[in-house]
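One structure is given below, encoded as structure tokens.
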Amino acid sequence: MGQQPLHSQSSLNLSRPKSCHLRWSVIEQPKEELPVPEEVLTFKAYGDINSFISTAALEKAGRIVDTVDNRIMMTQGDEVFIQMTDNTAEVGSEYSVFSLGKMITHPQTNKKIGYQVTWRGQVQLTAAHEQVYSGTITRAVGEITRGTILLAIPEQQTTIILQRAQQPLDGYIIAAHPEKLTFAQHDICYIDKGSDDGLAIGNMLTIVRPRNASDLALQDRDIILPDTLLGRAVVINTDRSVATALILKSSEAIHRGDLIYTEMN
């Protein structure tokens, strides 16, 4: 007999599977805006950046009014008594001590605008009394006497983000370091425009001086010559009515009374 074919008890389904259609959906991720690059300036300055105080700021400053004995000069470790307004005084905090120097007037109007000041050290407030505060001189680098003023210790900045001025402004250099008669690159100067005028930290300034025509030119006709470009500066601190600027470049000596204007480009 021939062999019979084998039959499995269960039949295999070998039919081809139905085709499958896949649908892809694309989800758009929100685009992240790239940060706008900032132009940053790291600077160095010659001299103290706090060598001028406006008359308005002086009215709010604290003052050393007395000490625990009759000594005239005070130094590190001495206890002193200070008059300060309660909204500027904080027990435990330290303050810079400055002596008042030469009175500064505006180079054009001759109006009193402030004083030169010289840093003398630091004082820490230790206690509050009915009319005065007690304090201890924690650092002394010069003569400290009754009448020296106290100001909050400013945050020291060595990096400035440059920013375009919001409006055209022009003014004058009114002061610089007390020991300097002329100013040049890396020197600190003060100008008669401040935050109330729209000036801001990081604004660039051009420094110029009017150029006088020679006598021979005036014999022919009245002529206006372009200003002499003296240098450029950047604003590094602002008060309401004055600002501190660092001279970045100078082509010749810069003087008190030279003109400045904001760069808009």
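So that you can scan it fast, the table gives a plain yes or no per residue for (1) in the same structural domain as residue 174 (by TED's automatic domain parsing); (2) touching a Pro at 6+ places or on another chain (Cβ under 9 Å); (3) assigned to a strand (DSSP E or B):
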site: 107; (1), (2), (3): no, no, no
site: 117; (1), (2), (3): no, yes, yes
site: 139; (1), (2), (3): no, no, yes
site: 150; (1), (2), (3): no, no, yes
Among 103, 84, 73, which is the only one that is surrounded by 14 or more Cβ atoms within 10 Å (Cβ to Cβ) and of a type outside the set (Phe, Trp, Tyr)? 84
Where a residue in region 158-171 is free of Cβ contacts under 8 Å to residues at least 40 places away in the same chain and its partner, wherever it lies, is not aliphatic (A, V, I, L, M), with Cβ under 9 Å and at least six apart: 166/198; 166/203; 166/262
Checking residue 70 against (1) part of a loop (DSSP other than H, G, I, E, B); (2) modelled with pLDDT under 85; (3) not hydroxyl-bearing (Ser, Thr, Tyr), the condition it does not meet: (2)
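Among the residues of region 170-184 satisfying the criterion of being hydrophobic (A, V, I, L, M, F, W, C) and surrounded by fewer than 20 Cβ atoms within 10 Å (Cβ to Cβ), which is nearest to residue 108 (Cα to Cα)? Break it down into steps so the answer makes sense when it comes.
To start, the set of residues in region 170-184 that are hydrophobic (A, V, I, L, M, F, W, C) comprises 173-176, 181, 183-184.
Imposing the further condition that a residue be surrounded by fewer than 20 Cβ atoms within 10 Å (Cβ to Cβ) reduces the set to 181, 184.
On the way: 181: 18, 184: 22 Å.
Among those residues, the one meeting the criterion is 181.
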Going by the structure shown, is residue 200 in a loop (DSSP other than H, G, I, E, B) and at pLDDT 90 or above? yes
Matching option when the condition is within 19 Å of the chain's Cα centre (by Cα) and either in the same structural domain as residue 236 (by TED's automatic domain parsing) or more than 25 Å from residue 234 (Cα to Cα) (or both), among 82, 173: 173
How many residues does region 251-263 contain that are surrounded by 19 or more Cβ atoms within 10 Å (Cβ to Cβ) and polar (S, T, N, Q)? 1
Within region 106-126, which residues are of a type in the set (D, E, K, R) and surrounded by fewer than 18 Cβ atoms within 10 Å (Cβ to Cβ)? 111, 112
Consider residue 241 against the criteria (1) polar (S, T, N, Q); (2) closer than 30 Å to residue 82 by Cβ; (3) buried (at least 19 other Cβ atoms within 10 Å of the Cβ): it satisfies all of them except one. Which criterion is unmet? (3)
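Condition check ((1) in contact with a Lys or Arg (Cβ under 7 Å, 6 or more places away or on another chain); (2) without any contact (Cβ under 8 Å) to a residue 40 or more places away in the chain; (3) over 22 Å from residue 154 (Cα atoms)) across all residues:
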| position | (1), (2), (3) |
| --- | --- |
| 79 | no, no, yes |
| 89 | no, no, no |
| 96 | no, no, no |
| 122 | yes, yes, no |
| 135 | no, no, no |
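The values are calculated or read from the model by the stated rules, or taken from the named source; none is laboratory data. This structure is a prediction, so every number in the text was calculated from the model and none was measured. Ideal geometry is used to build each Cβ from the backbone, glycine not excepted, and the neighbour counts take in all protein chains shown.
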